[in-house]
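Student: Quick one: this structure, given as structure tokens, is what I'll be asking you about.
The values are calculated or read from the model by the stated rules, or taken from the named source; none is laboratory data. Just so you know, these numbers come straight off a predicted model, no measurement behind them. Neighbour counts are summed over all protein chains in view; Cβ atoms, including those assigned to glycine, are modelled from backbone coordinates with ideal geometry.
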Amino acid sequence: MKRILRRSAFAALVITLAFPTAALAARADHPSPKPPTPTVMFVLRGTILNYMPGVSVEIDVKSANFRRAKLDGQMLTFTVNSDTKLVRLGTDSGPLSDKGIVKVRAPLNSVVAGTAFEIIDQGKASV
């Protein structure tokens with residue numbers, strides 16, 4: 001009886017010491033993957049200088065929701081396609097007026113470029 005207990009205790013001790021060591025040895029050192037850069041909606045407010053339906057829109061940026069210091073005062077051009085929404089808040093149906101907003105989806109830490117998601121015409125700039 002004592003011999004069985006000793007063998008059981010010895011087996012339990014060996015198993016207890018062997019499994020944690022084996023578990024540590026089995027782990028592979030994989031570098032943690034880099035999290036993907038989030039895609040955000042840049043909202044650019046300013047003066048719409050040039051708008052060609054189905055081609056492009058150009059805006060002189062006065063303010064932005066992300067990266068303000070880098071974007072303020074820049075002239076940016078974006079492509080326009082059939083998926084781009086156009087919202088006119090003014091009453092005129094002619095070409096786009098001076099004041100407006102251009103929304104663009106782009107990765108957060110990248111150059112703001114690509115296709116405009118939405119163009120909002122806010123009417124003529126007040127004098």
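Student: Please verify whether V102 is without any contact (Cβ under 8 Å) to a residue 60 or more places away in the chain, in a strand (DSSP E or B), within 19 Å of the chain's Cα centre (by Cα) and crowded, with 18+ Cβ neighbours inside 10 Å, treating the condition exactly as stated.
Tutor: Values: without any contact (Cβ under 8 Å) to a residue 60 or more places away in the chain: yes; in a strand (DSSP E or B): yes; within 19 Å of the chain's Cα centre (by Cα): yes; crowded, with 18+ Cβ neighbours inside 10 Å: yes.
Yes.
Student: If you go through segment 51-82 one residue at a time, how many are under 19 Å from the mean Cα position of the chain (by Cα), of a type outside the set (A, V, I, L, M, F, W, C) and closer than 12 Å to I119 by Cβ?
Tutor: Count: 1.
Student: Looking only at residues that are part of a strand (DSSP E or B) and of a type in the set (D, E, K, R) in segment 30-72, which one is farthest from K99 (Cα to Cα)?
Tutor: Step one: list which residues in segment 30-72 are part of a strand (DSSP E or B), which gives 39-52, 56-64.
Now narrow it down to the ones that are of a type in the set (D, E, K, R): 45, 58, 60, 62.
Values: R45: 8, E58: 12, D60: 10, K62: 10 Å.
Looking at the filtered set, the residue picked out is E58.
Student: Restricting to segment 73-96, name every residue that is in contact with a Ser or Thr (Cβ under 9 Å, 6 or more places away or on another chain) and either assigned to a helix (DSSP H, G or I) or modelled with pLDDT under 80 (or both).
Tutor: Within segment 73-96, just G90 meets the criteria.
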